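To start, the structure under review is shown below, and the notes come after it.
Read-outs throughout are calculated quantities, based only on the coordinates presented, and are distinct from any laboratory measurement. Nothing here was measured: the structure is a model prediction, and the numbers come from that model. Here Cβ is always computed from backbone atoms with ideal geometry, including for glycine, and neighbour counts include all displayed protein chains.
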Amino acid sequence: ITGEIGTLFEQLVFDLDGVASETRIAVDSARAGKTIADTCVARVDSANDVLGIIRSLADRSRLLSLNARIEAALAGKAGTGFAVVAQEVKSLAQQIDDAAAKTESDLVEMREMVSHALAANNTIEAAIVSINDLSQALRTKQPTRRRKCDPWRIRSMKRRQRHLPCGT
């Protein structure tokens, strides 16, 4: 029986080595996922900066359109074509502003999704590390050769109808 237990223990240690190896891979993957998510957050921040520029351009285009309409009104009939162009510039500025608002909304949603993914990833990483710690703790335990009150010894003794004190 001791040989079988030893063999089982060796197999357990071998299996735990495999678990440890797989958990290292999983932890590395979780950390890579975190790096990717952090990069996504940085890209969202960068896109928000670009959106600020786009909104500024839309505001300036609206102001330009207003000035063009004023000049067209002052020019009277001669400024009719200029008024049409001013109206188109105003329309384009509004389309730019609408697109920027939609993009900003999408970026806020992306930031929230990345935040949830990071939280889930951190939970997974913590669980994997915990599994690894448990497998390492089991792996480092050595089989006990014989306890003071060995149950196999007690059974054997009962079969022989002898009584010897435990630990002798």
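Subtracting the Cα-Cα distance from 0.36 nm times the residue separation, let me have the gained length for residue 94 to residue 80 in nm, one decimal.
So the extension gain works out to 2.9 nm.
Quick one: if you stick a label point 7 Å off each Cα along the C-beta vector at residue 63 and residue 28, how many nm between them?
Taking the two extended label points, one gets 5.5 nm.
Given 0.36 nm per residue, what is the gain on full extension from residue 87 to residue 48 after removing their alpha carbon distance, in nm?
Extra length available between residue 87 and residue 48 comes to 11.2 nm.
I want to check the label-to-label distance for residue 5 and residue 119. Put each point 7 Å from Cα in the C-beta direction and report it in nm to one decimal.
4.8
Net charge within 14 Å of residue 71 by Cβ-Cβ distance, Lys/Arg positive one each and Asp/Glu negative one each, not counting residue 71 itself?
After counting each charged neighbour, the total is +3.
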